[in-house]
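Worksheet: one structure, shown below.
The values are calculated or read from the model by the stated rules, or taken from the named source; none is laboratory data. If you're wondering where the values come from, they're calculated on a predicted model, not measured in any experiment. Cβ placement follows ideal geometry from the backbone for every residue including glycine, while neighbour counts extend to all protein chains displayed. Accessible surface is based on the protein model in full, side chains and every heavy atom, while ligands, DNA and RNA are left aside. Shrake-Rupley method; radii C 1.70, N 1.55, O 1.52, S 1.80 Å.
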Amino acid sequence: MRRSGLRAVVYREMLLLTRNRTNLLLAILPTAIYLLLFATSLTNLVGTVTYRGAQVGYAEFTIPAIMLSSMLAATTTTGTSLFQEEMGGMSLEVWSYPVSRGGYIAGKIVATTALVVVQSLAALIVGLLLFDLGWPGGHWLALVVGTVVVSLTFNGLYLLFAALVRDFQRFMVLINVLGPFLLFSSPSFYPVERMPLVLRWLSTVNPVTYGISCLRGGALAGWDAMWPSGLGMLAGAIVLFTVIAAVLNRRIREL
């Protein structure tokens, strides 16, 4: 019974996340714009960049950043879903299922992270169709594993913001300001050596920096370059979801 309740929670969460066409459109459009306009134009303008002492094409260098941009857009949707549940009275509906609080929280984490992973991989597939990416098989596998780990971390970060910020408008202002700031104050579309000194300092405390390092390392250099940042991201995800579980438990009791 508990397992069927957990499956019901996951199914309901997926419906909530995917049936809102406006949310999906807002999550997909930035990625399409970056891929079709930004990356393609700058690929012709920049040509190659230096990464870990080797020359790589700008498209290869920037696709991990576009994936992370897609990830941030998807996590915005998952954070918004928490408010949609409460405003629509759907949070109370979930208790008609034979599921514990822990099962409800686990179902939400599974469903929202799955959406983030799928959307990030969709951005990668679009990039593959547009550019000739000659990465070895081991690099592809490292990139996919890194995508799952980084998706967990940023999904956890945005869910935590949604759990802590009770006002929906404040949450929307926060993430709409924070997302671009995190993305462009990290070595996303440019090597860290080319960043101004102030941005370089900011990048050291920017979680996107380590997410980019994980994805880019996996894609361009394989497991050896991916796992240090990947382990850090995984540790961060564990901490985030532990805090989220406590915050959501308290929030559920107040319903």
Exercise. Evaluate the following for Pro187: is it modelled with pLDDT of 85 or more, under 30 Å from Leu128 (Cβ atoms) and surrounded by fewer than 17 Cβ atoms within 10 Å (Cβ to Cβ)?
Key: no
Practice problem: Kindly indicate which of Leu174, Leu220, Leu143, Leu152 is surrounded by 16 or more Cβ atoms within 10 Å (Cβ to Cβ) and in contact with a Ser or Thr (Cβ under 8 Å, 6 or more places away or on another chain). | Solution: Leu152
Practice problem: Kindly indicate the residue of the stretch 155-171 that is free of Cβ contacts under 8 Å to residues at least 40 places away in the same chain and part of a helix (DSSP H, G or I) and also surrounded by the fewest Cβ atoms within 10 Å (Cβ to Cβ) among those meeting that condition. | Solution: Gln169
Exercise. Filter the stretch 213-240 down to residues that are more than 18 Å from Gly138 (Cα to Cα) and touching a helix residue (DSSP H, G or I) at 6+ places or on another chain (Cβ under 8 Å), then give me how many there are.
Key: 6
Practice problem: Report, by residue number, each residue of the stretch 43-82 that is of a type in the set (Ser, Thr, Tyr) and either open to solvent by less than 30 Å² (accessible area, probe 1.4 Å) or part of a helix (DSSP H, G or I) (or both). | Solution: Thr43, Tyr58, Thr62, Ser69, Ser70, Thr75, Thr76, Thr77, Thr78, Thr80, Ser81
Quiz item: Is the stretch 99-121 home to any residue that is part of a helix (DSSP H, G or I), at pLDDT below 75, out of contact with any Gly (no Cβ under 8 Å at 6 or more places or on another chain) and among the hydrophobic types (A, V, I, L, M, F, W, C)?
Solution: yes
Exercise. Take the stretch 223-247 and flag every residue that is closer than 23 Å to Ala163 by Cα, open to solvent by 60 Å² or more (accessible area, probe 1.4 Å) and of a type in the set (A, V, I, L, M, F, W, C).
Key: Leu234, Ile238, Val239, Val243, Ala246
